[in-house]
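The values are calculated or read from the model by the stated rules, or taken from the named source; none is laboratory data. None of the values given here were measured: they were computed from a predicted structure. Cβ placement follows ideal geometry from the backbone for every residue including glycine, while neighbour counts extend to all protein chains displayed.
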Ligand SMILES: [Zn+2]
């Protein structure tokens, strides 16, 4: 690697320049071609065993696939430009045009569902077995599954039109109300300040417990005031879903989320069986935190609090990249080579400068196989992890290069495998590094243990609450009071003794945006799934060593080609439909939890003696 690493990316592989005629022609041609394919598809009759019809749909599918690649090329380019230069209005306008373009693609996929809908198993398999569609079976199968729970086109059209004034409207109402909210913060020194609600989350992650409690209390005054209206919104979102599910012939409200996640009900049940049976381990992680904060158990507003550690030194970018490189190099040479190539091609944007959008992501073009990593590196250990995480995503794309575009559409549940795996490689490499200070060590262990609490207690609470709510909603609306009761009760059940009695957050159903997203239901369990899946994979790697890596790459390559349990069975030979896999994955947190228990008192210094109350 060169002594000085590039911190700005090079986008010239996409187009010479945003205003270039090449980019303008590309955009125009893509819109035209999508429109003409749509017009053509709308005229085709559904597949019925007739060869000429099958030929026509095959041609349409292949063209659609090429259009998808072109769309990813343009949207990657625009997303990169817009996030690296948030002020430039040309890019914001281009993003607007892209969303119009995406609507045309949505209409195309409606036509594909219509084409596949009448096929029973045998003719479907015959169609999917056409040589030109090799590797596309799962993509087509998912479309056909969706078509089974679709109402007649006129009714779907009406539902979509009414939806923008109904379910989508309730979501917008939530956004509208919550974005204007302000809380009356009373700082520990008595100063009063009106603070936008958007800042509450970071205040609740403040190192000072009094600040967290003040933000929590003041915030909940505001959420309580709005709770009747928000309860209406939540009830109507759920009511709409129940009604549409009934009309579409969806047997259970969870089925929609399971389909989106490409996991079976058995997999979900097996995972949660293991999670709830082993809640003691993440609870123990929270107990470590409570002890470090000198309280008997944490309150809800302590969940996001950092461990009370002295601040660790900054890690300059060159050093951060070197740490990743060394950790990857020891464990996974192919990943190191790939990491180096990202710098050689200048595919990483990491510079800390103004005018960039917040956050980090990895994005790529299916047309040229260009990939880009975006982040703002400011030198925390968390930034080093973020870089490793995004490089993991990029590596996933690299492994998938050998698959067709239809086979690259993996679900959210499998999307975080490669990223979290890369993070684990880094974290293990760092923990093996003797130059790591005890504080940095505690920080790393604290991150793993904190993830355990987030993914094995907090997220499961959201899942269990939402499930109870949808069950109860079948027989009528729930009042705000009932929703709060249900939420507090679920928090008690899942967190148990790790959460101080009386310090639950009954209004969490109102303050958590995820319950109000109109187009995704159960926006929670995929997080737990992804976390445990990648920990389980990483522990297999630790047991089996380098021999595991080809199977790991086979897994990544298959993520868009089958249901999660089928992918796991075929690649790594493990059964996701039995609790055992998940239990093993949870157990990987025992080591970090126990080490943190031992290490923390030494880096915190002698614990403060709190009078003689105990
Ligand atoms: Zn990610």
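Observations on the model:
- Helices (runs of 4 or more DSSP H) wholly inside segment 377-448 containing at least 1 residues that are within 16 Å of the ligand (Cβ to nearest atom) and under 29 Å from residue 312 (Cα atoms): 381-400, 417-431
- Number of the exception - residue 373 against (1) more than 30 Å from residue 267 (Cβ to Cβ); (2) within 14 Å of the ligand (Cβ to nearest atom); (3) part of a helix (DSSP H, G or I): (3)
- Residue 351 passes every criterion in (1) buried (at least 20 other Cβ atoms within 10 Å of the Cβ); (2) more than 16 Å from the ligand (Cβ to nearest atom); (3) not in a helix (DSSP H, G or I) apart from (1).
- Among (1) surrounded by 18 or more Cβ atoms within 10 Å (Cβ to Cβ); (2) away from the ligand (no atom under 16 Å from the Cβ), the one test that residue 324 misses: (2)
- Any hit, segment 464-472, residues being within 16 Å of the ligand (Cβ to nearest atom) and either modelled with pLDDT of 95 or more or surrounded by fewer than 21 Cβ atoms within 10 Å (Cβ to Cβ) (or both): no
- Single unsatisfied condition, residue 142 versus (1) at pLDDT below 90; (2) crowded, with 17+ Cβ neighbours inside 10 Å: (1)
- Residue count for segment 374-429, restricted to those that are touching a strand residue (DSSP E or B) at 6+ places or on another chain (Cβ under 9 Å), surrounded by fewer than 21 Cβ atoms within 10 Å (Cβ to Cβ) and farther than 30 Å from residue 67 by Cβ: 1
- Annotation note: of 367, 309, 342, the sole residue that is in contact (Cβ under 8 Å) with a residue 24 or more places away in the chain, in contact with a helix residue (DSSP H, G or I) (Cβ under 6 Å, 6 or more places away or on another chain) and either crowded, with 21+ Cβ neighbours inside 10 Å or more than 30 Å from residue 502 (Cα to Cα) (or both) is 367.
- Taken across segment 301-320, residues that are within 16 Å of the ligand (Cβ to nearest atom) and at pLDDT 95 or above do not occur at all.
- Options 222, 186: the member that is surrounded by fewer than 18 Cβ atoms within 10 Å (Cβ to Cβ) and in contact with a strand residue (DSSP E or B) (Cβ under 8 Å, 6 or more places away or on another chain): 186
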